[in-house]
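The structure appears right after this line, and notes come after that.
The values are calculated or read from the model by the stated rules, or taken from the named source; none is laboratory data. If you're wondering where the values come from, they're calculated on a predicted model, not measured in any experiment. Heads up, the Cβs are rebuilt from the backbone with ideal geometry, glycines too, and the neighbour counts pull from every protein chain shown. Quick note on the areas: whole protein, heavy atoms, side chains included, nothing else; ligands and nucleic acids left out. Shrake-Rupley method; radii C 1.70, N 1.55, O 1.52, S 1.80 Å.
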Amino acid sequence: MKQTIRFKLNGDPIQIEVEPHLTLLEVLRNELELTGTKEGCGMGECGACTVLINGRAVNSCLFPIMETDGKNVITIEGLADVDGNLHPIQRSFIENGAVQCGFCTSGMILSAKALLDENPKPTEEEIRTAISGNLCRCTGYLQIIEAIKEVNKNS
Amino acid sequence: MKKFDYLKPNTLEEALSLLNQYGDRAKMIAGGTDAIVMNRQKKISPDVFISLRGIPGLDQIEFNGIFKIGALVTHRTIEQSELIRKRFPILAGASSVLGSVQVRNVATIGGNLCTASPSAETSPSLLVYEAEAHLVSQNGERRLSLESFFVGPGENALDKKEILKGILLPSPPPNSVGAYLKLGRRKSVDLSVVNVAVLLTLDPKTGICERARIALGAVAPTPLRAKETEKILEGNLLDDGIIRKAGDCAKQECSPITDIRGSAEYRREMAGVLVEKGIRQSLVNHSRIV
Ligand SMILES: Cc1cc2nc3c(=O)[nH]c(=O)nc-3n(C[C@H](O)[C@H](O)[C@H](O)COP(=O)(O)OP(=O)(O)OC[C@H]3O[C@@H](n4cnc5c(N)ncnc54)[C@H](O)[C@@H]3O)c2cc1C
Ligand code: FES
Ligand code: FES
């Protein structure tokens, strides 16, 4: 039986009816049509489905939708500002050649955001740890690490 | 995937009563990083998940003469807790290498123990600290040493209608040092091939080992204390000869299996290597009181 849940999605309060056995990833992609969040493994291994819940990076493929009730969820669609200007992390990824096919990118950027919000000038080791749950099959990690390092370089 | 209902009780009493009501049709869920994966792999297929995440207090770390870590405390919280890092660094070290940040942000210590995997990250560290499991059911509460909590691969001592409420941790004696070592196939986001925790209490004047606690994971049906190895260390100065003897003894105390992560022979050999390395590393940390 469908149940009603309320949560904040990219800053806006929403209320939806959901089947309780679904994951947050399934609801985001199939019901809310926010397809920026990707499904890779569906098992918590690859990080393509990473979103922020109350500011923390989480694999949405393992996150029961019912646990979203009352939470604050940020997906890649919530990063650009209202005028469509990209977030500094997104810009840095582009400028540093950290995107090839883009399948890992949403998750990488959200893992980077969780890190930088907590620790604006992380060491390379801290960056590596923060993205250890995000697999990239094409760009290579060096450009991604570089892009994350560059975000707050001049601030 | 089969449909299921998802119930989120707000009190422990309510959770226990739901558990009674649904019996075998229900499965508890904490962070879900094992439960959701197992459900997807069809290893379990409950009609109802009973979430423990809405129960207040279970996600707290408390000190009341004895340290108590609630079952719903996440590995991320343990990894980042100043208190745990200072008082129980072997546990903090274990939680900090479990899965990825995304997994640690939701996965709980209670879930790690209840899954009762022989390779569970936090088991060896909790065994060397001589932790107890605090269990609760409608009939009351009981405490069980962690050693008797693990029954077999994937099997714990919980009664069907019991919930793990938390872990009780006595403080180790003063002048204790220790280490946690995990051997995986890759550096991060991988289960252990072998994991080892070492806790040594040394006489500050002579350096003689007064008390030793060694625990091994992924080398037997359950995580285990290597008690013969401990005996070799206790009462002795930890020189190269004794350390090597301890490593050899640890190899004899395991009964590993061969699986995709490693052969039985490799696991046995590496258990010895890691015990030696863990002891040496603990001695280097000598100045740090655990
Ligand atoms: C990508 C990935 C990487 C991983 N890496 C590691 C690793 O490196 N090392 C490692 O040890 N594990 C690893 N795991 C496994 C898992 O994350 C841990 O075992 C975790 O601690 C489980 O906690 P949870 O809260 O998610 O448990 P859940 O999945 O919610 O529950 C697990 C089991 O315990 C039961 N349960 C949970 N809480 C209670 C309670 N309080 N009382 C009674 N029963 C309870 C549930 O019914 C279920 O059977 C990994 C998992 C994933 C997906
Ligand atoms: S799709 Fe969620 S971690 Fe791979
Ligand atoms: S850019 Fe293709 S997987 Fe990372």
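Can you tell me which of B:F63, B:F67, B:F88, B:F49 is surrounded by fewer than 14 Cβ atoms within 10 Å (Cβ to Cβ) and touching a Leu at 6+ places or on another chain (Cβ under 8 Å)?
That would be B:F63, the only listed residue that is surrounded by fewer than 14 Cβ atoms within 10 Å (Cβ to Cβ) and touching a Leu at 6+ places or on another chain (Cβ under 8 Å).
Conditions tested, residue by residue: (1) in contact with a strand residue (DSSP E or B) (Cβ under 9 Å, 6 or more places away or on another chain); (2) among the acidic types (D, E); (3) in the same structural domain as B:V189 (by TED's automatic domain parsing).
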site	(1), (2), (3)
B:G217	yes, no, yes
B:A220	no, no, yes
B:L224	yes, no, yes
B:L233	yes, no, yes
B:D248	no, yes, yes
B:I257	no, no, yes
B:A264	no, no, yes
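Where in region A:79-155 are there helices (runs of 4 or more DSSP H), lying fully within it, with 2 or more residues that are under 17 Å from the mean Cα position of the chain (by Cα), among the hydrophobic types (A, V, I, L, M, F, W, C) and more than 16 Å from ligand 3 (Cβ to nearest atom)?
In region A:79-155, A:105-118 are the helices (runs of 4 or more DSSP H) which contain 2 or more residues that are under 17 Å from the mean Cα position of the chain (by Cα), among the hydrophobic types (A, V, I, L, M, F, W, C) and more than 16 Å from ligand 3 (Cβ to nearest atom).
For region A:53-66: of the residues being surrounded by fewer than 24 Cβ atoms within 10 Å (Cβ to Cβ) and free of Cβ contacts under 8 Å to residues at least 40 places away in the same chain, which is nearest to B:N39 (Cα to Cα)?
This residue is A:I53.
Would you mention how many residues in region A:75-86 are open to solvent by less than 40 Å² (accessible area, probe 1.4 Å) and closer than 25 Å to A:N154 by Cβ?
Result for region A:75-86: 4.
Does B:R211 satisfy the criteria of being buried (at least 16 other Cβ atoms within 10 Å of the Cβ) and farther than 19 Å from B:E130 by Cβ?
No, not satisfied.
Take the residues of region B:1-26 that are within 14 Å of A:M66 (Cβ to Cβ) and more than 10 Å from chain A (Cβ to nearest Cβ): which is surrounded by the most Cβ atoms within 10 Å (Cβ to Cβ)?
Top of the filtered list is B:P9.
Conditions (1) part of a helix (DSSP H, G or I); (2) touching a Lys or Arg at 6+ places or on another chain (Cβ under 9 Å), marked per residue:
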{"position": "A:H21", "(1), (2)": "no, yes"}
{"position": "A:L28", "(1), (2)": "yes, no"}
{"position": "A:G44", "(1), (2)": "no, no"}
{"position": "A:G47", "(1), (2)": "no, no"}
{"position": "A:M66", "(1), (2)": "yes, yes"}
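Out of the residues in region B:88-111 that are part of a helix (DSSP H, G or I) and of a type in the set (A, V, I, L, M, F, W, C), state the one that is nearest to ligand 2 (Cβ to nearest atom).
B:V103
Do we find that A:E17 is at pLDDT 95 or above, over 30 Å from A:R137 (Cβ atoms) and either not in a helix (DSSP H, G or I) or not assigned by TED's automatic domain parsing to the domain that holds A:K113 (or both) in this structure?
It is true that A:E17 is at pLDDT 95 or above, over 30 Å from A:R137 (Cβ atoms) and either not in a helix (DSSP H, G or I) or not assigned by TED's automatic domain parsing to the domain that holds A:K113 (or both).
Every residue in region B:23-72 that is farther than 18 Å from B:K2 by Cα, out of contact with any strand residue (DSSP E or B) (no Cβ under 7 Å at 6 or more places or on another chain), part of a loop (DSSP other than H, G, I, E, B) and in contact (Cβ under 8 Å) with a residue 24 or more places away in the chain, please.
B:R53, B:G54, B:I55, B:P56, listed by residue number.
For B:A220, indicate whether it is assigned to a strand (DSSP E or B) and away from ligand 2 (no atom under 16 Å from the Cβ).
No, not satisfied.
Just one of A:V151, A:V99, A:V82 is within 19 Å of A:E39 (Cα to Cα), away from ligand 1 (no atom under 16 Å from the Cβ) and more than 14 Å from chain B (Cβ to nearest Cβ); which is it?
A:V99
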